[in-house]
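Quick notes on the structure that follows.
The values are calculated or read from the model by the stated rules, or taken from the named source; none is laboratory data. Remember, it's a predicted structure, so these values are computed and weren't measured experimentally. Methodologically, a virtual Cβ is constructed for each residue, glycine included, from the backbone with ideal geometry; neighbour enumeration extends over all protein chains shown.
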Amino acid sequence: MNKNIKLAVAGAVLALSASAANAGIIIPAGEWTIDINGNTNAYYIHNNSNDSNTIVGGLANTKGANGSGASSINTGLLPSWLGFTGKTRQNDLDVEWTISLQPAGSRSSPLTDSGAEHRQAYLSFGDKSWGTILIGKNLGQFGRDAILNDMTLLGVGSQGIVGTAGGTTTTLGRIGTGFIYADFLGQINYTTPNMNGFEATVGILEPQTSGNVSGNQKSPGYEGVVRYSFAANDVTGKIWAEAKGQNAYVSSTIDENVWVAGIGANVKAAGFDLTGYYYNGEGAGTTGFLMNGLTSAGQKRDSDGGYVQAKYTLPTKTSVGVSWGESNLDLASGESNGTLVKSNEMWTVGAYHPLTKHLNLVAEYSRVRSENHQGERNESDIVDAGAILFF
């Protein structure tokens with residue numbers, strides 16, 4: 001599996017000790033090397049919900065008209081994926097392009113109803129002596145490490161906006177119950193060379209919109225991340241710190257700067273794989289960037305959250321894990337909005353087994369709880385089992 005698919009999946013694949021991190025289909029083509037790669041997956045998902053409270057922004061499913069249970073067969077957090085990458089070395093530059101297609105489901109993004117997508121369409125150029133410049137659409141930097149280390153990336157996690165009907169979208173994994181979705185965005189960024197384990201990426205983004213934030217933003221968003229990777233004897237790991245901000249223009253009288261910052265770490269030793277992450281923001285919202293971040297009057301709501309996760313790889317190469325996470329959203333000063341989500345929380349236990357070098361079997365149980373600011377709760381129990389194949 002090539003560098004670009006790693007941006008979306010291989011971090012989690014490696015973390016789960018699955019063996020899918022191999023090259024895709026490599027084709028020499030003149031001065032170019034073409035890599036065709038991707039995945040396909042499907043899961044049986046059963047959701048049980050006994051509550052039907054109104055929680056705006058809540059991720060726990062509610063009881064349907066046909067009762068508390070709902071079943072579907074659907075893709076998980078990852079849509080099925082077909083990627084094409086070309087690489088070459090020209091004029092002392094490493095030049096690369098990537099275009100990908102996600103055809104599965106009538107909604108292939110966990111946060112938008114957009115049909116089939118092209119989540120990646122970018123070019124990059126650089127050299128190990130001075131770094132790399134990337135231009136185009138790709139996974140964002142803020143929240144990237146949080147989602148790539150999330151064990152539910154290879155599974156289902158929260159059904160999220162699937163609803164009790166099921167089968168209409170990818171699932172959410174731990175998005176919104178421990179971190180804000182990184183999303184695939186138009187961007188121009190610069191990544192430094194690796195300096196004894198240290199690496200940094202900074203850049204500007206296509207400005208995002210949500211709710212009452214206007215679709216015509218006057219300035220781009222910005223984000224940056226610093227990462228440090230280390231290895232000592234049989235211990236390896238990574239520590240990262242990140243930030244993201246944007247001017248959120250609502251109207252001529254409502255014009256706010258919003259921001260969010262995060263910090264995380266992942267450590268592996270003796271078969272154990274431990275991850276911890278925390279974020280805090282002002283006006284950044286919850287689940288997706290800017291989602292419910294501002295009131296209709298333009299007041300900023302504070303938010304924070306994080307998750308902890310522990311996994312262990314058995315002698316059979318099966319990885320078993322447990323994780324807990326929560327995302328919180330405060331009311332603005334003086335605001336009275338009882339049905340707005342206060343917190344989304346999820347526990348997950350899972351097992352992930354590499355049946356072959358490319359094929360992984362997955363089974364998970366997740367319990368999702370959403371609470372609003374007047375103390376009402378919805379809870380969902382979600383069981384899933386299926387398979388994901390990488391090539």
What about Asn344, is it surrounded by fewer than 21 Cβ atoms within 10 Å (Cβ to Cβ) and either more than 23 Å from the chain's Cα centre (by Cα) or under 30 Å from Asn53 (Cβ atoms) (or both)? no
Is there a residue being in contact with a Pro (Cβ under 9 Å, 6 or more places away or on another chain) and in contact (Cβ under 8 Å) with a residue 24 or more places away in the chain anywhere in segment 319-328? yes
Within segment 248-264, is there a residue that is within 23 Å of Asn196 (Cβ to Cβ), out of contact with any Cys (no Cβ under 7 Å at 6 or more places or on another chain) and outside any loop (DSSP other than H, G, I, E, B)? yes
If you go through segment 56-80, how many residues are out of contact with any Asp or Glu (no Cβ under 7 Å at 6 or more places or on another chain), of a type in the set (A, V, I, L, M, F, W, C), part of a loop (DSSP other than H, G, I, E, B) and crowded, with 22+ Cβ neighbours inside 10 Å? 3
Among residues of segment 197-225, those that are at pLDDT 95 or above and either more than 21 Å from the chain's Cα centre (by Cα) or closer than 17 Å to Gly131 by Cβ (or both), counted: 11
Return yes or no: is Asp51 in a loop (DSSP other than H, G, I, E, B) and among the acidic types (Asp, Glu)? yes
Residue ID - surrounded by the fewest Cβ atoms within 10 Å (Cβ to Cβ), chosen from residues in segment 240-267 that are out of contact with any helix residue (DSSP H, G or I) (no Cβ under 8 Å at 6 or more places or on another chain) and charged (D, E, K, R): Asp255
Subset of segment 289-305 (residues that are surrounded by fewer than 23 Cβ atoms within 10 Å (Cβ to Cβ) and under 25 Å from Ala200 (Cβ atoms)): Asp304
I'd like to check something: does segment 219-238 contain any residue that is of a type in the set (A, V, I, L, M) and outside any strand (DSSP E or B)? no
Determine whether segment 329-337 contains at least one residue that is of a type in the set (Asp, Glu), surrounded by fewer than 23 Cβ atoms within 10 Å (Cβ to Cβ) and in contact with a Phe, Trp or Tyr (Cβ under 8 Å, 6 or more places away or on another chain). no
From the list Val308, Val368, pick out the single residue that is closer than 30 Å to Gly38 by Cα, surrounded by 15 or more Cβ atoms within 10 Å (Cβ to Cβ), of a type in the set (A, V, I, L, M) and modelled with pLDDT of 95 or more. Val368
Residue within segment 258-277 that is among the polar types (S, T, N, Q) and more than 22 Å from Tyr312 (Cα to Cα) present: no
Is it fair to say Thr253 is at pLDDT below 95 and of a type outside the set (D, E, K, R)? yes
I want to confirm something. Restricting to segment 371-391 and keeping residues that are in contact with a Phe, Trp or Tyr (Cβ under 8 Å, 6 or more places away or on another chain) and of a type in the set (Val, Ile, Thr), which single residue is surrounded by the most Cβ atoms within 10 Å (Cβ to Cβ)? Ile382
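Rundown of residues vs (1) among the aromatic types (Phe, Trp, Tyr); (2) surrounded by fewer than 20 Cβ atoms within 10 Å (Cβ to Cβ); (3) touching a Pro at 6+ places or on another chain (Cβ under 6 Å), yes/no style:
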{"site": "Phe179", "(1), (2), (3)": "yes, no, no"}
{"site": "Gly186", "(1), (2), (3)": "no, yes, no"}
{"site": "Asn194", "(1), (2), (3)": "no, yes, no"}
{"site": "Ala200", "(1), (2), (3)": "no, yes, no"}
{"site": "Gly203", "(1), (2), (3)": "no, no, no"}
{"site": "Asn212", "(1), (2), (3)": "no, yes, no"}
{"site": "Asn216", "(1), (2), (3)": "no, yes, no"}
